[in-house]
Amino acid sequence: METYDYVVVGGGSAGCVVAARLTEDPGARVLLLEAGGADDHPDVADPTKWPTLLHGPLDWGYMTAPMRHANNRVDHCPRAKMIGGCHSHNASAWVRGHRADYDHWAYEGNAGWDWASVLGLFKRIENWQGPASELRGVGGPMYVAPPAAVGPLAAACVEAGREVGLTVIEDLNGPCMEGIGYFNLTIKEGRRFSVATAYLRPAMCRPNLTVVMHADVHRLTFDAFTCTGAEYLSDGAMTRVGASREVIVCAGAIGSPRLLLLSGVGPAADLRRLGLPLVVDLPGVGLNLQDHTLVGGVAYEARGDLPALVNNGAETTWWWKSSASRVVPDCQPVLIEFPFATPELADRLTANSYVLAPSVVRTASRGSVTLASADPAAHPRIDINYLEAKADVDALVAAIELCREVGAAKAFDPFRKRELMPGKLGRAAMEEFVRNGATTYFHPAGSCKMGPDALAVVDPTLRVHGVQRLRVADASIMPTITSGNTNAPSIMIGERAAALITCGDLT
């Protein structure tokens, strides 16, 4: 059996960072196991082609359980299956989240995760190409830039927002998040600049890093309460590897709880029912699953052909409070510059339609990831549980009305032929539209939450409660989901994990 100092499971947004940073110590031997393959498909490099990657061989193909608060519909839960993880198939948006997100994490007992502490990590990551700011980093691995040029629909959307009273924000990762503007993008010279490009490929030149692709980790191995390594399937053969220092699980909000459960770390009753040997009774594994809820959407038929896509085809977004009582913005609608709707509503679109998609990003609803079978080849049961909380429905109804106001503004007159949906509806009909249109914003998180409470899975140093030499580092550890796209926070979590491993407790 080959033994390494560190075994990292998952080569996504956090895993690439952890593996790269750990190998900066030439004395540390690191193994990175990735279930998918290379990120060399041509549609990966083209940032406008991300919708084509959400199905097929570069996606895990996960589907949700019937969503009981969304008319029992079943939704796709896209998760990338390739090097770079979801940063290799997402919309290349760079959003740190609101400072209150991180201060709340710290308030809940997670020392060192407050905004003042994580800001330095974000700055370390970034090679910011926009106007100089004390909040932005320069010289880091990750190329982050405002759009060099924006599409005409995106420009019209920002002007429409201005017309209806939204503040236009130059940098949505700057001092103020509330308002409308253009996404920061991880796109360089028209090509996706992913975490694999920024971190992993430079690190692969080091002799102390081994990367194994098409390595589906079936379980972690333990000696009593100490994690000793992992077993993975590759080319039909099972291989066991050891970790003399630590195993770091970076398999994401679906993959990480799935692997812990398969390895005997989770709710004792559930594991025994499936015939899995118990290592530690940890009832919170797989609970607290969150996602931003997107509605597809407030749709318009264009007067002619849609403009050619540039950047990511979804350049404009805004943060907004659905109620004056909100302390921070809870909604993040986005302009999608091509037809976008759930299957239940798609027949109302035309081939030349564009969409203002409302969303709620401070979701109150919670779901779970559980095992459907003890077979590692079986997909887990993903109960995303959209719209369980009335507050989420209320926020989305308010966001739809704002999107309709923005969409009807004068700035869209050159493009808008007619509104396709939803039109002016009463409250009951609008709620039904929300339940038929609710879908993923592609940001599952929280299923291995960090904290000191009984349902927490990891502590503030990302160590799994009740076992030794095992950490989780990815979006699953978020106690509450950040108020925006989760890729940048996941990379930050990877940076902090690596610093905690190499430097110890940073608080």
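Does VAL393 satisfy the criteria of being without any contact (Cβ under 8 Å) to a residue 60 or more places away in the chain and among the hydrophobic types (A, V, I, L, M, F, W, C)?
Spelling it out, VAL393 is indeed without any contact (Cβ under 8 Å) to a residue 60 or more places away in the chain and among the hydrophobic types (A, V, I, L, M, F, W, C).
Report, by residue number, each residue of region 136-171 that is in contact with a helix residue (DSSP H, G or I) (Cβ under 7 Å, 6 or more places away or on another chain) and of a type in the set (A, V, I, L, M).
Within region 136-171, MET142, ALA156, ALA160, VAL164, VAL168 meet the criteria.
Test each condition in (1) touching a Gly at 6+ places or on another chain (Cβ under 9 Å); (2) farther than 30 Å from THR461 by Cα; (3) crowded, with 20+ Cβ neighbours inside 10 Å; (4) not polar (S, T, N, Q) for LEU153 and report the one that comes out false.
That leaves (1) as the condition not met.
Filter region 315-356 down to the residues that are of a type in the set (A, V, I, L, M, F, W, C) and under 19 Å from THR167 (Cα atoms) and list them by number.
Those that are of a type in the set (A, V, I, L, M, F, W, C) and under 19 Å from THR167 (Cα atoms): TRP318, TRP319, TRP320, ALA324, VAL327, VAL328, CYS331, VAL334, LEU335, LEU356.
Please count how many residues of region 441-475 are more than 15 Å from VAL17 (Cβ to Cβ) and in contact with a helix residue (DSSP H, G or I) (Cβ under 8 Å, 6 or more places away or on another chain).
13
Go through ALA378, ALA399, ALA357, ALA411 for me and flag whichever is surrounded by fewer than 17 Cβ atoms within 10 Å (Cβ to Cβ) and of a type in the set (A, V, I, L, M).
Only one candidate qualifies: ALA378.
Which residue pairs have Cβ atoms under 6 Å apart, sit 6 or more places apart or on different chains, and have a first residue in region 271-296 that is within 30 Å of ALA357 (Cα to Cα) and part of a strand (DSSP E or B) and a second that is of a type in the set (Lys, Arg) and at pLDDT 95 or above?
These pairs meet every condition: ASN288/ARG366; ASN288/LYS449.
Out of region 491-507, which residues are of a type in the set (S, T, N, Q) and over 18 Å from GLY451 (Cβ atoms)? Give the derivation first.
Going residue by residue through region 491-507, those that are of a type in the set (S, T, N, Q) are 502, 507.
Passing the criteria: only THR502.
Would you check if there is a residue in region 42-53 being part of a strand (DSSP E or B), over 20 Å from ALA198 (Cβ atoms) and at pLDDT 95 or above? Before you say what the answer is, go through the steps one by one.
So the first thing to find is which residues in region 42-53 are part of a strand (DSSP E or B), and the list is none.
So far as region 42-53 goes, no, none of its residues is part of a strand (DSSP E or B), over 20 Å from ALA198 (Cβ atoms) and at pLDDT 95 or above.
In region 1-21, which residue that is farther than 12 Å from THR210 by Cβ and among the aliphatic types (A, V, I, L, M) is surrounded by the most Cβ atoms within 10 Å (Cβ to Cβ)?
Checking each candidate, the answer is ALA14.
As an exercise: evaluate VAL406 against (1) more than 19 Å from HIS69 (Cα to Cα); (2) in contact (Cβ under 8 Å) with a residue 24 or more places away in the chain; (3) surrounded by fewer than 16 Cβ atoms within 10 Å (Cβ to Cβ) and give the number of the one condition it does not meet.
Among (1) more than 19 Å from HIS69 (Cα to Cα); (2) in contact (Cβ under 8 Å) with a residue 24 or more places away in the chain; (3) surrounded by fewer than 16 Cβ atoms within 10 Å (Cβ to Cβ), VAL406 violates only (3).
Restricting the search to region 36-49, which residues are touching a residue at least 60 places away in the same chain (Cβ under 8 Å), surrounded by fewer than 22 Cβ atoms within 10 Å (Cβ to Cβ) and closer than 25 Å to VAL8 by Cβ?
Residues satisfying the conditions are GLY37, ALA38, ALA45.
Need a quick list: strands (runs of 3 or more DSSP E) entirely within region 402-507 having at least 1 residues that are touching a strand residue (DSSP E or B) at 6+ places or on another chain (Cβ under 9 Å) and of a type in the set (S, T, N, Q).
Fully inside region 402-507 and qualifying: 438-440.
Looking at the structure I just gave you, is SER365 in contact with a Cys (Cβ under 6 Å, 6 or more places away or on another chain), surrounded by 19 or more Cβ atoms within 10 Å (Cβ to Cβ) and in a loop (DSSP other than H, G, I, E, B)?
no
Select from region 478-507 the residues that are of a type in the set (A, V, I, L, M) and over 30 Å from GLU315 (Cβ atoms) and write down the one among them that is nearest to the chain's Cα centre (by Cα).
My answer is ALA497.
What tally of residues in region 156-187 results from selecting those that are touching a Ser or Thr at 6+ places or on another chain (Cβ under 8 Å) and either basic (Lys, Arg) or without any contact (Cβ under 8 Å) to a residue 12 or more places away in the chain (or both)?
1
The values are calculated or read from the model by the stated rules, or taken from the named source; none is laboratory data. Predicted, not measured: the structure shown is a model, and the values here were computed from it. Note: ideal-geometry Cβ built from the backbone for every residue, glycine included; neighbour counts use all protein chains shown.
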